[in-house]
Amino acid sequence: MSRVQFKGVKKSFDDVEVLQEIDLEVDSGEFLVLVGPSGCGKSTLLRCVAGLETPTAGEIHIGDRRIDELEPRDRDVAMVFQSYALYPHMTVRENMGFALKLRNTPPAEIRSAVDEAADILGLESLMDRYPKALSGGQRQRVAMGRAVVRRPKVFLFDEPLSNLDAALRTKLRIELKRLHRELGATMIYVTHDQVEAMTLADRIAVLDGGVLQQVDEPTKVYGNPSNRFVAGFIGSPPMCFLEHQEPDVVLGVRPHDVALGRGSVEAVVDVVEPMGHESFVHLQVGNDRLVASVESPPTVGTRLMVELGSPLRFDPVSGLRI
């Protein structure tokens, strides 16, 4: 049983409250992504699970065991960091098997576990190399392999792809989804990249200012955001907000829901961003700004009418969905 439960978890550094009363359950075998801007508390929450930080209040459970009072080595979790943290004087095989060696695992069992992880992650041809001879993507796969061989109850990932270029991030996202499918393990993944969150997660937990804003499946968080922050953070390009189109209401519109050349709202084309199969057209709408995603963009300076398809409505003070 590898369900993770956060019960009223708080964390403060001196007089700064970083986490505020986090209540959250991660199902056994689930891939949960903690997402939010820098400083929102997502990495702190992950570090509380790993034992690298101690909650100021509340409890953390894995299965039927409370783990926030245990030593990190006794929690049966494995963490993959942004910085790889490989031992430079050890080969790939030695790096992957080192934690098992510290446990006095028999050499034959270490070799079997390392070979199995290498097969899952496509590292078989790299086993005798040292980290300096590996690319960034290869090093991160070794770091993941080091976690896999331990077969922990819970895998923790702290922005593991943020140091990689865009192409490598895409490739490793696919490998992470495959890894989760093959292992069936509970995984908690931290990122500030909402594209990673949308593509990887079974469920997304959105944090802002140490407060849990919404927890749900990616499509539901995207299509049914609970407040203005979630609506603006999830989606690429993000949702646009119109402050001056209706009295006492903020309208939220996704770029793909904006139609050009028809409707009752007058706009002026300000900037066009060609993206290949589509273009992002930035529009000035009175005192508001709007982005439309279209296949055939108009030229800068064009005046036209736009239609706002299915806008969401938010309270201008609380930011809550109306």
Listed by range, strands (runs of 3 or more DSSP E) wholly within the stretch 265-322 having at least 1 residues that are hydroxyl-bearing (Ser, Thr, Tyr) and modelled with pLDDT of 95 or more are 279-285, 288-294
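Search the stretch 81-95 for residues being among the aliphatic types (A, V, I, L, M) and in a loop (DSSP other than H, G, I, E, B), and hand back the single one that is nearest to LEU52 (Cα to Cα). Please lay out each step first, then the result.
Filtering the stretch 81-95 for residues among the aliphatic types (A, V, I, L, M) gives 85-86, 90, 92.
Within this subset, residues satisfying the condition of being in a loop (DSSP other than H, G, I, E, B) are 85-86, 90.
Numbers: ALA85: 15, LEU86: 18, MET90: 25 Å.
So, considering only residues that are among the aliphatic types (A, V, I, L, M) and in a loop (DSSP other than H, G, I, E, B), the one nearest to LEU52 (Cα to Cα) is ALA85.
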Any idea which of LEU179, LEU156 is outside any strand (DSSP E or B), touching a residue at least 24 places away in the same chain (Cβ under 8 Å) and open to solvent by less than 10 Å² (accessible area, probe 1.4 Å)? LEU179
If a residue has to be in contact with a strand residue (DSSP E or B) (Cβ under 6 Å, 6 or more places away or on another chain), part of a loop (DSSP other than H, G, I, E, B) and either buried (at least 21 other Cβ atoms within 10 Å of the Cβ) or not acidic (Asp, Glu) (or both) to count, how many in the stretch 37-73 make the cut? 5
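Per-residue answers, yes or no, for (1) open to solvent by 50 Å² or more (accessible area, probe 1.4 Å); (2) among the β-branched types (Val, Ile, Thr); (3) more than 20 Å from LEU121 (Cβ to Cβ); (4) in contact (Cβ under 8 Å) with a residue 12 or more places away in the chain:
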position	(1), (2), (3), (4)
LEU161	no, no, no, yes
LEU164	no, no, no, yes
ARG173	no, no, no, yes
HIS192	yes, no, yes, yes
ALA197	no, no, yes, yes
ARG203	yes, no, yes, yes
MET239 versus (1) of a type in the set (A, V, I, L, M); (2) touching a residue at least 12 places away in the same chain (Cβ under 8 Å); (3) open to solvent by 80 Å² or more (accessible area, probe 1.4 Å); (4) under 28 Å from ASP23 (Cβ atoms): which is the lone unmet condition? (3)
Please go through the stretch 1-36 and give me each residue that is in contact with a Phe, Trp or Tyr (Cβ under 7 Å, 6 or more places away or on another chain) and either open to solvent by 20 Å² or more (accessible area, probe 1.4 Å) or part of a helix (DSSP H, G or I) (or both), ordered by number. ASP23
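The values are calculated or read from the model by the stated rules, or taken from the named source; none is laboratory data. From a predicted model like this one, the values you see are computed outputs, not experimental measurements. Neighbour counts are summed over all protein chains in view; Cβ atoms, including those assigned to glycine, are modelled from backbone coordinates with ideal geometry. These accessible areas exclude ligands, DNA and RNA; they are computed on the full protein's heavy atoms, side chains included. Shrake-Rupley method; radii C 1.70, N 1.55, O 1.52, S 1.80 Å.
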